Amino acid sequence: MIGRSPRIARLDPVELLAAAQDRGVRTVILLVLDRVGTGTGVPIDRLRRLRRALPGLELLVGGGIASIDELRRLREEGFDGALLATALHERRVTPAALARGRFLTPPAAAGRTRAASSRRAP
């Protein structure tokens, strides 16, 4: 957890995100900074803990996405999206593979999907 405030830095990530959610935050980007651009994969076990603890929060993952298979795994674990850059630039993930895997959703359809999701808290 990164934070300049000692109070924030010592909080457990679940506690911090739960507090943010209680204050109205609906979407969080979980960016694993030390893996950005590496293609080494995300720490799925750490991220899974957050996903399970905060089912009503929209969670987007980034930092080190290695492959289309990793995107599938993140989707299966219930994550709402992923941030891709290096994986696309280095062609480890291609737009065609994203389309085949149904990872590309037009913005209007994405909004309807989010609103209709039963996993979200009202």
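Bear in mind these aren't lab numbers, they're just calculated from the coordinates by the rules spelled out. This one's a predicted model, so the numbers in the text were calculated from it and none came from an experiment. Don't worry about glycine lacking a Cβ; one is built from the backbone with ideal geometry, like all the others, and counts go over all protein chains shown.
Brief remarks follow.
- Packing rank of 56-64, 78-86, 24-32, 5-13, where each peptide gets the mean count of other beta carbons within 10 Å, highest leading: 56-64, 78-86, 24-32, 5-13
- The simple spin-label model puts a point 7 Å past each Cα toward its Cβ; for residue 89 and residue 20 those points are separated by 2.4 nm.
- Working note: Karplus 6.51/-1.76/1.60 with θ = phi - 60° gives the stretch 60-76 the couplings 10, 10, x, x, x, 3, 9, 6, 5, 5, 5, 4, 4, 4, 4, 5, 4 Hz, where Gly and Pro are set to x.
- Taking only the alpha carbons of the stretch 6-116, we obtain Rg and Dmax values of 14.6, 45 Å in that order.
- Between the beta carbons of residue 27 and residue 100, assuming R0 = 30 Å, the FRET efficiency works out to 0.70 to the nearest 0.05.
- Taking the DSSP bridge list for the stretch 6-116 and keeping only pairs wholly inside it, about 0 percent are antiparallel.
- Distance in nm between pseudo-label sites at residue 46 and residue 77 (7 Å out along the Cβ direction from Cα): 1.1 nm
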